[in-house]
Amino acid sequence: MVVRVQVEDFDVGGELDAIARGNPRIGAITSFVGLVRDMHVKEGYHRDAVKALTLEHWPGVTDKALADIEAEAHRRWSLDASLIVHRYGRLEPGERIVLVVAASPHRDDAFDACRFLIDWLKTKAPFWKVEDTPSGEKWVAAHGDDDAAAKKWEP
Amino acid sequence: MVVRVQVEDFDVGGELDAIARGNPRIGAITSFVGLVRDMHVKEGYHRDAVKALTLEHWPGVTDKALADIEAEAHRRWSLDASLIVHRYGRLEPGERIVLVVAASPHRDDAFDACRFLIDWLKTKAPFWKVEDTPSGEKWVAAHGDDDAAAKKWEP
Amino acid sequence: MKVRYFAWIRQKVGVAEEEVSPPADVRTIQDLLDWLARTSPRHAEAFSEAKVFGAALDQAIMPLDTPIGAAREVAFFPPFTGGL
Amino acid sequence: MKVRYFAWIRQKVGVAEEEVSPPADVRTIQDLLDWLARTSPRHAEAFSEAKVFGAALDQAIMPLDTPIGAAREVAFFPPFTGGL
């Protein structure tokens, strides 16, 4: 169980290697990488070109929120290891924003836990995004889709 | 859409970088890495230590089977890129066996497609595994679980 | 009592945090929000948005009808939008 | 006609492939399998396992009741066990 909130980019291959090293119980590693897109498409009609986005977070609180989400994943699934790395600051299209990894003896646990981690992270960790678009700064609104995705994991 | 069947190990980070490079539509990359475990647990009671396993495949046919599975994933989900790399030959505990990657604008497609790829691969691509155990060579039997996992994607 | 603002709420109010001394009849987080909205036109505009705010007392997220009690810090923020 | 064997079927039969000339009444893949089982004790043992075999005609997977027709290669294999 590791959580990091940082400005710097991360090394996906290195993180995945490290997570399984020395634990031959692990048979399945599922990972998710979120990238900055060059386009914001809302509801299928509203499109904004995105020059960059800036992620703000709540230092001190974010780490605890992510650790709580990770602990919940370990309660729900049989996991040998997990990792959340989330960047903040200014990011351009193509840059990595977030890495979520779940490792388990079997793939069902790894897949479910990985998806749970990113779904809950989006609605339960204090990050906010503002997009730099040709028509100025635009704060990203929360998506109903994300709430629905998070809700599907409610007991 | 890329498929590779090879003896050599693969570089997960490099593959994930390559898959998104130059395509700023991609917002979500889901990947799955399968590793050799040091223990074979069947039905929760039968356990064998595994010193190594050897993967056999059907040259010529395997590539086509994997490409068909990938094409089916692209028909079902909105994917910008996908990758299957599967090793064969002798592999020891902790070694990587398989990498499956799906990249999409949104995470739902990437997650579903990635899981579909590994589920179908297990039952529809001509690979066979034999384990080197303290009590001799043991061919791995197909799991009912894997059939069930593959079936859940049937139309 | 310290009040903190995040994201576009901070931008509209114009400061990241401020010390305030609300009157005794400000009991809940919602009371504080209503009272803050009357302290300046910027506050009024920031809090006029028809969005659902989140709030936290001493860094623990709480519903708006929660009594502030002895909390030393109240935070206001828009819904979270992390991830990809 | 060429017959190919994979995995433990190959180990039990003892060869990876062989040329065979079955009689005319061998029409389907299942017929061929039954006929092969009678060609040697090794074949008999390989094909006695109560497992479900897969088979392919000219590298296309087919049910066992498929007529062999003009296929030049028939393959027999145990269920696939790739992935992790």
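Worth pointing out:
- Out of A:Ala102, A:Ala148, A:Ala142, A:Ala110, one residue alone is surrounded by fewer than 19 Cβ atoms within 10 Å (Cβ to Cβ), more than 10 Å from chain C (Cβ to nearest Cβ) and of a type in the set (Gly, Ala, Ser). It is A:Ala148.
- Index of the failed condition, B:Leu35 passing every other in (1) surrounded by 19 or more Cβ atoms within 10 Å (Cβ to Cβ); (2) out of contact with any Asp or Glu (no Cβ under 8 Å at 6 or more places or on another chain): (2)
- Filter pass, B:Ile84 being buried (at least 22 other Cβ atoms within 10 Å of the Cβ), of a type outside the set (Lys, Arg), more than 30 Å from A:Arg25 (Cβ to Cβ) and touching a strand residue (DSSP E or B) at 6+ places or on another chain (Cβ under 9 Å): no
- Single residue of D:Ala46, D:Ala55, D:Ala24, D:Ala37 found to be touching a Lys or Arg at 6+ places or on another chain (Cβ under 9 Å) and of a type in the set (A, V, I, L, M, F, W, C): D:Ala46
- Scanning region A:1-21 for residues that are part of a loop (DSSP other than H, G, I, E, B) and either at pLDDT below 95 or in contact with a Phe, Trp or Tyr (Cβ under 6 Å, 6 or more places away or on another chain) (or both) yields A:Met1, A:Arg21.
- Test set (1) at the interface with another protein chain (Cβ under 7 Å from one of its Cβ atoms); (2) outside any strand (DSSP E or B); (3) in contact with a Ser or Thr (Cβ under 9 Å, 6 or more places away or on another chain) - B:Pro24 fails condition number: (3)
- Selection status of D:Pro23, loosely packed, with under 12 Cβ neighbours inside 10 Å, under 23 Å from B:Asp147 (Cβ atoms) and more than 14 Å from chain B (Cβ to nearest Cβ): no
- Every listed requirement among (1) touching a strand residue (DSSP E or B) at 6+ places or on another chain (Cβ under 7 Å); (2) closer than 27 Å to C:Ala55 by Cα is met by A:Ala52 save one, (2).
- Members of region A:117-155 found to be acidic (Asp, Glu) and either more than 15 Å from the chain's Cα centre (by Cα) or at pLDDT below 85 (or both), listed by number: A:Glu131, A:Asp132, A:Glu137, A:Asp145, A:Asp146, A:Asp147, A:Glu154
- The C-beta contact set for region A:77-95 (first residue within 13 Å of chain B (Cβ to nearest Cβ) and under 20 Å from B:Arg37 (Cα atoms), second residue of a type in the set (S, T, N, Q) and surrounded by fewer than 20 Cβ atoms within 10 Å (Cβ to Cβ), distance under 8 angstrom, 6+ apart or interchain) comprises A:Asp80/A:Asn23; A:Ala81/A:Asn23.
- When B:Thr62 is tested against (1) β-branched (Val, Ile, Thr); (2) within 26 Å of A:Gly34 (Cα to Cα); (3) within 11 Å of another protein chain (Cβ to nearest Cβ), only condition (2) is not met.
- Test result for C:Val15, touching a strand residue (DSSP E or B) at 6+ places or on another chain (Cβ under 9 Å) and more than 14 Å from chain A (Cβ to nearest Cβ): yes
- When region C:44-78 is filtered for residues that are of a type in the set (S, T, N, Q), more than 9 Å from every other protein chain (Cβ to nearest Cβ) and free of Cβ contacts under 8 Å to residues at least 24 places away in the same chain, only C:Ser48 remains.
- Among the residues of region C:16-58, those identified as closer than 22 Å to A:Thr123 by Cα and not small (Gly, Ala, Ser) are C:Ile29, C:Gln30, C:Phe47, C:Glu49, C:Lys51, C:Val52, C:Phe53, C:Leu57, C:Asp58.
- When D:Thr81 is tested against (1) surrounded by fewer than 16 Cβ atoms within 10 Å (Cβ to Cβ); (2) within 14 Å of chain B (Cβ to nearest Cβ), only condition (1) is not met.
- The selection criterion, being at pLDDT below 95 and either more than 10 Å from chain B (Cβ to nearest Cβ) or more than 16 Å from the chain's Cα centre (by Cα) (or both), does not hold for A:Asp68.
The values are calculated or read from the model by the stated rules, or taken from the named source; none is laboratory data. Just so you know, these numbers come straight off a predicted model, no measurement behind them. Backbone-built Cβ (ideal geometry, glycine too); neighbour counts: all protein chains shown.
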